[in-house]
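Everything on this sheet refers to the single structure shown next.
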Amino acid sequence: MKYFRVVGSILIWFLVFVSFVEVNKGQILTTLDGPFKPVTVPLDQSFRGHAVDLPDTDSRVQRTVEGFEPEQISVSLSATYDSIWVSWITGEYQIGDNIKPLDPSKVGSVVQYGKDKSSLRRKAIGQSVIYNQLYPFEGLQNYTSGIIHHVQLIGLKPDTLYYYRCGDPSIPAMSTIYHFKTMPISSPKSYPKRIAIVGDLGLTYNTTSTISHLTGNNPDLVLLVGDVTYANLYLTNGTGSDCYSCSFPDTPIHETYQPRWDYWGRYMQSLVSKIPIMVLEGNHEIEEQAENQTFVAYRSRFAFPSKESGSSSPLYYSFNAGGIHFIMLGGYVAYNKSDDQYNWLEKDLANVDRTATPWLVATWHPPWYSTYTAHYREAECMKVVMEELLYEYGVDLVFNGHVHAYERSNRVYNYTLDPCGPVHITVGDGGNREKMAIEHADEPGKCPDPASTPDKFMGGFCAYNFTSGPAAGNFCWDQQPEYSAYRESSFGHGILEVKNETHALWTWHRNQDMYNKAGDIIYIVRQPEKCPIKPKVIKPWLIQNYKFD
């Protein structure tokens, strides 16, 4: 048997080698062939999508359960392969003037699970919460959620299919049986087959196209890089708008219509009840309310491996998926060097074992490298603070949303082409109501006023004129920047397939194409021997918080 395993391994590596030889012949480009000359794909005038929200009368967003039966079921990862979270909602939300919150203690949070569908012998018990969206102004309707349950399953085997059902068996109110598959063990030889990455999703007819194509690509994991439901494009009476910045100028607070969260959870259940989804916050999740509270729906509705990854906040955390270490950063929470997020990031990076997780991928919502007029250099203060740290530790890939278009960079650091810098990819084109970004900051007359670029929520101004390089003395480039390799205004999603410790295939899929056709495709190649990184350092204060493989 050992002989056959050895021969099998040799055969696999031979096939991989042959495939890379074919790549180098020109079938699929790699980052080693770059840096590439900038490419802009002309706008496809025949396809603008259908940026209209699904109405509450659509059967896909309506409540189909009764009483306290579970709905909006989803699974998400913990920090390591041996644990997963199951989340769901029971009971009906309420909206209006006289709302009475449900009592979470009245309904149990139970998951029955096992590897045999006919015998779910294991049981886990979790916790439940409700949240409120409250406005201290006459005429605005308040909201209270159904009971939100989060249950952590532990002691799971890697790369294994489990069956489960959730609810409260004492009522009884249990779901039907669903299933999920755990991540492979953290190793340079094991990876999830496909990771779907999408941003700025919303719940429009464009969204349904994106999710249909994404599902057709059979992902093992979904990353949603911010801007989930766009509930804050609505007044509390359910009246909608197509534009956040120009919405409701006469209201005393920027309102949000929370039932859109419930609609989204119902629509997404068929996918995320079996494929783990990992979410980070975008600006549309801020959702201000009474007593200056923010991000309440986001923090309540999703389970995050914050504690397991040593973070004190669900707004930033990390996790492993096979041989990949993902860092989920918050663009709308303090990130200066004296702040908790930066200190956590520094510790997390120092603890990454690149012999176990060779790939280091970072995500946050507002991009640092985007050439579109929309949100141009908006996150510059975050970039100034954090970019050097990510570069020193050899981050390979960065994924962002926020800009409603697709863009892939050459390897870049500090606006300069650098073979050891990460590839930055913006995928904020999931299909939301605010439509696509089309204009580029390097086009004549399209460079924004610098005073308009800072993020209003975080404050600060860091986006000064360039001091060197082709754009020296200017706020914008006068042509597509050399760091921008490919850009296109279309709705879609991306698929990341890590093949081994040095090669990962990235494909971007446009909604107007068949799901198995790529609009952009490239192999991302790591060169650890040419790009030294800071050595791994296990710091004493991390031992109790981390349990990475």
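Some observations on this one:
- Residues with amide H under 5 Å from that of residue 372, placed H, sequence gap 5 or more: 441
- Efficiency of FRET from Cβ geometry, residue 57 and residue 312, R₀ 45 Å, rounded to 0.05: 0.60
- In sequence order, calculated HN-Hα J values of the range 226-239 (Karplus, 6.51, -1.76, 1.60; Hz; x Gly/Pro): x, 6, 8, 10, 6, 4, 8, 9, 10, 6, 5, 8, x, 6
- Size of charge dipole - the range 23-126 - debye, nearest 20, with Cβ of Lys, Arg +1 and Asp, Glu -1, no other charges: 580
- Virtual spin-label span in nm between residue 346 and residue 193, 7 Å along Cα→Cβ: 4.3
- Size descriptor, Kirkwood hydrodynamic radius, that averages inverse alpha-carbon separations across the range 386-472, Å: 15.1
- Rounded to 0.05, the FRET efficiency of the residue 274 and residue 99 pair, given R0 = 41 Å and the Cβ-Cβ distance, is 0.80.
- Per residue solvent-accessible surface (Å²) - the chain, probe of 1.4 Å: 41
- Near the amide H of residue 39, within less than 5 Å, lie the amide hydrogens of 486, 487, all on another chain or at least 5 residues away, with H placed in the peptide plane.
- Sites residue 121 and residue 37 - FRET efficiency at Förster radius 56 Å, r taken between beta-carbons, to 0.05: 0.40
- Cα pair count fraction exceeding 42 Å, expressed as % - the chain: 17
- Nearest-20 debye value, the chain charge dipole, Cβ charges on Lys, Arg, Asp, Glu: 2460
- Counting 0.36 nm for each residue step from residue 161 to residue 513 and taking away their Cα separation leaves a gain of 123.6 nm.
- The slack between residue 466 and residue 392, meaning 0.36 nm per residue of separation minus the straight C-alpha distance, is 24.4 nm.
- Computed over neighbours whose Cβ is under 14 Å from that of residue 466, the net charge equals -2, Lys and Arg +1, Asp and Glu -1.
- Label-to-label distance for residue 179 and residue 384 is 5.3 nm, based on points extended 7 Å past Cα in the beta-carbon direction.
The values are calculated or read from the model by the stated rules, or taken from the named source; none is laboratory data. Note that this is a predicted model, so its numbers are computed, not measured. A quick note on method: Cβ atoms are made from the backbone with ideal geometry, for glycine too, and the neighbour counts reach across all protein chains shown. All accessible areas refer to the heavy atoms of the entire protein, side chains included, with ligands and DNA or RNA removed. Shrake-Rupley method; radii C 1.70, N 1.55, O 1.52, S 1.80 Å.
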